[in-house]
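Each reported figure results from applying straightforward, stated rules to the coordinates on display, with no laboratory input. Computed from a predicted model, the values in this text were never measured in an experiment. Cβ atoms come from the backbone with ideal geometry, glycine included; neighbour counts cover every protein chain shown.
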Amino acid sequence: MNYRSAPNLPKHLCQLLLAVSVVCTTATDVRAQTATPAVPHSSTATHRKSSLPVVPGPGPTVCGRIKSIGSLHYVDIVTGKGKVARSGMHVTVEYTGWLLDGTKFDSSDKQPFEFDLGAGNVIQGWDIGVRGMRVGGKRRLIVPPELGYGQDATGPIPANSTLTFDVKLLAVK
């Protein structure tokens, strides 16, 4: 599969799909969910028992239904049971970030990170992608360059990079 053979998928998502060719194993709560694959079956590996699509990207392999908010793609790995994160709230998260080539470029390393959701203190992909999560939830965010650092290189992150984050919501205030 390449971008030309799947023109209905964004180029960065196509690149991520190419990066994954493994069979998924997940926690029981994810397997129990029913989901319709967001991409054609022929272009993604699936879990043998649940037929959930493998979520593309570096980092630990996860399964779930890929959802989108504009150009941001995400999957809820674990749906939390606590309060919902809304714009204007102060949120506390743990996270790990990877480049498409699998390079881990940042992690909270069990040191929670706090920010005001929707205030523009983090990349747009986080303000958009964390909103709507429930406390206790874990979500994979696939952040295109325009919602990340764009044309600017930042530390180990090259310009125009699609970023993948696993984010766990610990608290909201």
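Structure notes:
- Across the stretch 123-136, rounded Karplus estimates of 3J(HN,Hα) from the backbone phi angles (6.51 cos²θ - 1.76 cosθ + 1.60, θ = phi - 60°) give 4, 4, x, 6, 4, 7, x, 7, 4, x, 6, 9, 4, x Hz, Gly and Pro being marked x.
- Other residues whose C-beta falls under 15 angstrom from the C-beta of Gly102 contribute a net charge of -1, scoring Lys and Arg +1 and Asp and Glu -1.
- Among the trypsin sites (Lys or Arg not before Pro) found in the stretch 66-167, those both in a DSSP coil and sparsely packed, with 10 or fewer other Cβ atoms within 10 Å of their Cβ, are Lys81, Lys110.
- Length-normalised contact order for the stretch 90-173 - Cα pairs under 8 Å, 6+ apart - percent: 39
- Local electrostatic count, Pro158, Cβ distance below 11 Å [Lys/Arg +1, Asp/Glu -1]: -2
- Taking amide H as placed 1.01 Å from N in the peptide plane, the amide H of Ile77 sits under 5 Å from that of Lys138, Arg139, Arg140, each at least 5 places away or on another chain.
- 3J(HN,Hα) couplings calculated from phi for the stretch 160-173 with the Karplus curve 6.51 cos²θ - 1.76 cosθ + 1.60 (θ = phi - 60°) are, in sequence order, 6, 8, 7, 10, 10, 10, 9, 10, 10, 8, 8, 7, 9, 9 Hz; Gly and Pro show x.
- Shape call, the stretch 118-173: gyration tensor on alpha carbons, a/c limit 1.5: prolate
- Annotation: amide H of Gly64 within the under-5 Å range of Val55, sequence separation 5 or more or interchain, hydrogens built in the peptide plane.
- Other residues whose C-beta falls under 9 angstrom from the C-beta of Ala85 contribute a net charge of +4, scoring Lys and Arg +1 and Asp and Glu -1.
- Bins of 10 Å from zero: percent of alpha-carbon pairs in the stretch 78-133: 21, 50, 26, 2
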